[in-house]
1. Taking R0 as 25 Å, what FRET efficiency do you get between D10 and Q156 from their Cβ-Cβ distance, rounded to the nearest 0.05?
2. Straight-line reach from K204: which aspartates and glutamates fall under 17 Å, measuring Cα to Cα and dropping same-chain residues less than 8 apart?
3. Rounded, prolate or oblate for the chain? Axes are the square roots of the Cα gyration tensor eigenvalues, ordered a ≥ b ≥ c, and the cut-off for rounded is a/c under 1.5.
4. Where the centroid of each part is defined by its Cα atoms, how far is region 243-282 from region 108-179 in Å?
5. In terms of the Cα gyration tensor, with a ≥ b ≥ c the square roots of its eigenvalues, is region 176-277 rounded because a/c is under 1.5, prolate because a/b exceeds b/c, or oblate?
6. Students often get this wrong: which residues of region 187-205 have the backbone nitrogen under 16 Å from the point 7 angstrom along Cα-to-C-beta of A398?
7. Please compute the length gained on full extension between N313 and E262, using 0.36 nm multiplied by the number of residues separating them and subtracting their Cα-Cα distance.
8. Under the classification rounded if a/c is under 1.5, otherwise prolate if a/b is larger than b/c and oblate if not, where does region 81-167 fall, given a ≥ b ≥ c as square roots of the Cα gyration tensor eigenvalues?
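The values are calculated or read from the model by the stated rules, or taken from the named source; none is laboratory data. Owing to the predicted nature of the structure, the values given are computational and were not obtained by experimental measurement. Note that we place each Cβ from the backbone using ideal geometry, even for glycine, and neighbour counts take in every protein chain shown. Remember, those area values only see protein heavy atoms, side chains included, never the ligands or the DNA or RNA. Shrake-Rupley method; radii C 1.70, N 1.55, O 1.52, S 1.80 Å.
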Amino acid sequence: MRAVILSIGDELAAGLTVNTNASWLAQQLTAVGIRVDAHLTVGDALLPIVDAVRATLEQRPDLLLISGGLGPTDDDLTRQALADALQEPLVEDPEAVIFLERWFAQKKRVMSPSNRLQAQRPVSAVCIENTAGTAPGLRIQKEDQPAIFVMPGVPQEMKEMFTLSILPRIQTLADASDDGRIVTLVTKINTFGIGESLVGERLKDLMVRGANPSVGTTVHEGVVSVRIYATGTPADAQAMTDHVRLQVNERLGEMVFGENEETLETGLAGLLNAGRYTLATAESCTGGLLAKLLTDTPGSSGYFARGWVTYANDSKQDELGVPQALLAEHGAVSEEVARAMADGARKLARTDFALSTTGIAGPTGGTATKPVGLVYIALASAQGTWVREFNFPRERAAIRQRASHMAIALLRWRLLGHDPAW
């Protein structure tokens, strides 16, 4: 089966917003064996949208997926453009009206008359429930033309609607059209604490150009991901993926923290929950980012007790009990102060573990002996306090991100009984 993805929005056409929706949709389609022939982007203008829909339908793909332009404002023109392209009138869908009224009532908000426009659809279309917002989607399936699915442009709404209501129908169409279809499974294995070059060395024999499955690496915010692309029948692709996945995990060991969209934080959360451990944080250079990452995971209240952001020296003394003499002798950015911060946080919060960060995030404040990027991370537990020194890349946001991720990784490794050699 073949598909075309049409994205609608001035901000997308102008390059002001990155089109992540199209990329995500293409990945989902490829995973079930559907080839994406084209990605089209059109601004919020009626005639260009009509022309794009008509031109795509003339090419006779099996699927046309459209995202964007389903809101209640004057520049939300997808419904009208689709009706014009199909030479059909717009009609109001009674069930969609009821859904909209119920949605606003549940939110205790008054529905604007303009929101009623969202209940309109081309006469041959069926509305798709939006479980994450107000704009219903649209589905048009006729024997003489490609199946058309229209989704909101808001990523969360689009993804939820596609996963719950559209993908099952597409899989049914794919199964009916070709029992022996070829799929490409894409699996991402995520690592932290090991450089891309070393990952490449350990997986060198798997990373052969043109091989099936193919193996490659990508890097984002210090996380090195190993991507496995396996092409074949669904059963063959899965078997090849499982074979390579096993080898990657064996060779990279504790540096692997999860797959696909799993994060360091979710990996640590599982270990903390399993051991019923509690955790506190004391941050200086990371300014609360570490606590933010730890509490991004649902259910984090089960293990995260409290956190301190002690940016100034006075706050380190007042809030965590760091001795003034220690600060005067060694400076705030030091192994000794990092240790005292973690010890103070663990004692005050009465937790199993405490993490602390202190460093120079820059761009100013560095010296010859303490350059920008120098960070000390401490981990306190009943068995003692462990401190590590790091020198991260010299860019403020990157330093803060890497320090927060490294603190999470250090605790994860400790819970796994692993002490990496740096």
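1. Efficiency at R0 = 25 Å is approximately 0.75.
2. Reachable aspartates and glutamates: E196, E250.
3. Values: a/c = 2.58, a/b = 1.75, b/c = 1.47.
Prolate shape, in that a/c is at least 1.5 and a/b is the bigger ratio.
4. 36
5. The shape class here is oblate.
6. Inside the label zone: 193-197.
7. 14.8 nm
8. oblate
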